[in-house]
Amino acid sequence: MKHLYMMRHGQTLFNVRKRIQGSCDSPLTELGIKQAEAARELIKDIAFDHYYSSTAERASDTLEIVTEGQVPYTRVKGLKEREDLNPHFDDFKYDDLFPHYGGETTKQVQHRVVKTLTEIMNKEDHEVVLAVSHAGASMQFFSAFNNPAIIFVEILRPEVK
């Protein structure tokens, strides 16, 4: 049986300021660094065979703290957060606004993250994997499993439609 462990990056300056980061980046705070160190303690006895992170520095910095910079890892665009735009207008459905500004819908984020993690876990010798991503991307990954048909038909086997 394969095991995928997902971790959100530590707290950042934008988190403290209640700013949406998306594809923008801000540094980990002191608390964010302590969170990564605490995560290191929690997973220290797990023998991971591969490590992945979002391309965002906050995610790779978190992974480097967790692993004390002692392991190679791969940065993957498919694990990134939703775009940095966060429009909010009462005249439209919230999710419908993102594509108008070059962003992704919630469904597109979900598809991207599930596809990326499925491809990672289907690789040879990927039995125990740690992936550091973001809150929104992780929530979309986990929400896909509320309806297994979405995963199988819409994401893993789109030709079935």
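Throughout, read-outs are computed from the coordinates displayed, never taken from laboratory work. Because the structure is predicted, anything quoted here is derived from the model rather than measured. Here the Cβ positions follow ideal geometry from the backbone for every residue, glycine too, while neighbour counts run over all protein chains shown.
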Review point. Which pairs, out of LYS34/LYS115; LYS44/LYS107; LYS18/LYS77, put more than 28 Å between their alpha-carbon atoms?
Key: LYS34/LYS115; LYS44/LYS107
Check your understanding: Does a label point 7 Å from the Cα of SER143, set along Cα-to-beta-carbon, have any residues of segment 101-130 with amide nitrogen under 19 Å, and which are they?
Key -> 101-118
Check your understanding: Amide H of ARG8: which non-local residues (sequence gap of 5 or more, or other chain) have their own amide H closer than 5 Å, using H built in the peptide plane?
Key -> SER133
Practice item. List, in order, the whole-Hz ³J(HN,Hα) value for each residue of segment 112-125 obtained from phi through the Karplus relation with A = 6.51, B = -1.76, C = 1.60 and θ = phi - 60°; use x for Gly and Pro. Key: 4, 6, 4, 4, 4, 5, 5, 4, 4, 6, 7, 5, 4, 6
Practice item. For ALA38 and LEU13, compute 0.36 nm times the residue count separating them, minus their Cα-Cα distance, and round to one decimal in nm. Key: 7.1 nm
